[in-house]
Amino acid sequence: MRRRAVVLVANSAAPYSRGLRVARSLVEAGFEVEIAATTGGGQPVEERDGEVLTRRYHASGRWARWTQPHQGPPSIARKVVIRGFRVLGRLIPQLRPFPAPTLDTIRKVLLWPLPVRGWWTTLQRELPPADLYHACGILTLPAALELAAAARRQGRPARVIYDVIDVILDSNNYKRVPAPMLAFYRWKERRWVRRADAIVTVNDPIADHLVRIWRLRTRPTVLLNCQPRWTKPAHPPDHIRKATGIPPERRIVLFLGRLGRERGLEEAEEAVLRLDDAALVMLGFGPWAERLREVDRQPRYAGHHYTLPPVHPDDVPAWTASADVSILAVPANSLNQQLSTPNKFWESLTAGTPVVLGRDLEVMRAIVEADRLGAIADPSDPDDLARALREVLDQPAPDYAGMRKRCLLVTAERYNWETAVKPYLVLVQALVPSAFRSTEPEPAPAVSARRRRPAQPPE
């Protein structure tokens, strides 16, 4: 019987590129694969990418009404919690600047993560059982654990891999959370981690960080967020110029990915205006998309500022290759950002497009500086960003061509999905050996022989 794998994604997977790459690799390894995502964004309930089925599940049950933030009238429970919060404020200085919690805050703390619990309910009722659950991020892990427990009761091996796609509790999203609440979240996360059969993450520094904070005996398997190898066509299409009408002599500075706050977009806008003749093109989605389209029409930015919708991950390299440089001017004001290696970074290098990078993005900076794949700048200073852009764009033509060639070379040889996925597939083979097509087995990392004992226990 063909083994079944589910990749859990707490978004609408329209598509989610890492989840899609994992799913495709599992199909090649012999699994039947479903991506279980959330509804939203007008996406169909089901769609297929080759043998990969993406199915989107709505929120239901008692938690469905809290998929969005909800306020309610005062209650006895709320009054008790407020009184307790005030007492804690006298004992714990970190809580004193914070007002008494709303009912919404109380729910978010005790039932964290609350907005996805309605989705979890539907998954437990409607998602067919599987032999492997790949949980992308903390919002999917508790659901994967419960689904696996139910599948084991039906006689399946039902292993859970927790994919730490970011260190979310060390991100800006939790920067203002009071210390005691954050400690409670960390305690809940550690409990879930103990129940997972294996852990993977996106780069080595995050793996080292997880070993420290969770006291892991076995280091997480690193599955870099690299793109599949891409061969530049002899005559690559000039997608961006065709979509925008940018003239051939104007250089293109590209921003890829989510359009929102703390992405360095405003600084990038100003930096590009300081160049002799360049245009900033944003290719992506997010809450700032409409605002940025309004900037497109402002006289100051006319002809130098363009906002385009996202394209399918398979098409990103060809679009990125038509830019002259990519910019990642993200302010590294959290540990999560400092250690990040997002898709947009690998997508740029895979396409042979040099990058201008914020100076405190330490993991990406080390990669860029090791092979001179771009330039480094202060992301908060448009003048310094413009200086770094000129360093890339105004270098002699042979040097610029050499930089692009090095980007292509390092991704073809080292930083590509085909290479990065191998340790992950070895791990999966150890967890669910009967799923793999008949090939010569490779040495596998140690995993627990007991079903309920994790391969990577914290203590």
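The order of the peptides 350-361, 41-52, 245-256 by mean Cβ neighbours within 10 Å, most packed first, is 350-361, 245-256, 41-52. The residues of segment 15-56 have, on average, 39 Å² of accessible surface per residue, using a 1.4 Å probe with all protein chains present. For segment 204-323, the per residue solvent-accessible surface stands at 48 Å², with DNA, RNA and ligands left out and a 1.4 Å probe.
Compared with the dominant principal axis of the Cα atoms in the chain, helix 76-91 is inclined by about 70°. Report, in deg cm²/dmol and to the nearest 500, the calculated mean residue ellipticity at 222 nm for the chain, where each DSSP H run with n ≥ 4 adds -39500 (n - 2.57) and the sum is divided by the residue count. Rounded to the nearest 500, it is -12000 deg cm²/dmol. Just report the Cα centroid separation between segment 113-186 and segment 317-380, whole Å. For segment 113-186 versus segment 317-380, the Cα centre distance is 30 Å. Stretching the chain fully between Arg372 and Arg217 yields a gain of 52.2 nm (0.36 nm per residue, less the alpha carbon separation). A prolate overall shape is assigned to segment 136-288, the ratio a/c of its alpha-carbon gyration tensor axes (a ≥ b ≥ c) being 1.5 or greater and a/b exceeding b/c.
Applying the Karplus relation 6.51 cos²θ - 1.76 cosθ + 1.60 with θ = phi - 60° to segment 8-15 yields 3J(HN,Hα) values of 8, 10, 8, 8, 7, 6, 10, x Hz, where x marks Gly and Pro. Annotation: for a label point projected 7 angstrom from Cα along Cα→Cβ of Glu249, residues of segment 270-298 with backbone N closer than 14 Å are 276-278. Sorting the segments 313-323, 29-39, 268-278 by their mean number of nearby beta carbons within 10 angstrom, highest to lowest, gives 29-39, 313-323, 268-278. Ignoring lysines fewer than eight residues from Lys188 along the same chain, the ones with Cα atoms less than 23 angstrom from its Cα are Lys108, Lys175. Which one, Pro180, Pro331, Pro379, is farthest towards the positive end of the dipole of the chain when Lys and Arg carry +1 and Asp and Glu -1 on their Cβ? The listed residue farthest towards the positive side: Pro180.
A straight Cα-to-Cα reach below 26 Å connects Lys405 with the lysines Lys232, Lys242, Lys344, Lys422, residues fewer than 8 places away in its own chain not being considered. Convex hull volume of the Cα atoms of segment 272-338, normalised per residue: 131 Å³.
The values are calculated or read from the model by the stated rules, or taken from the named source; none is laboratory data. On a predicted model such as this, the values are computed, not experimentally measured, just so you know. All Cβ positions, glycine included, derive from the backbone under ideal geometry; neighbour counts span all protein chains shown. Side chains included, ligands, DNA and RNA excluded: accessible areas come from the protein's heavy atoms. Shrake-Rupley method; radii C 1.70, N 1.55, O 1.52, S 1.80 Å.
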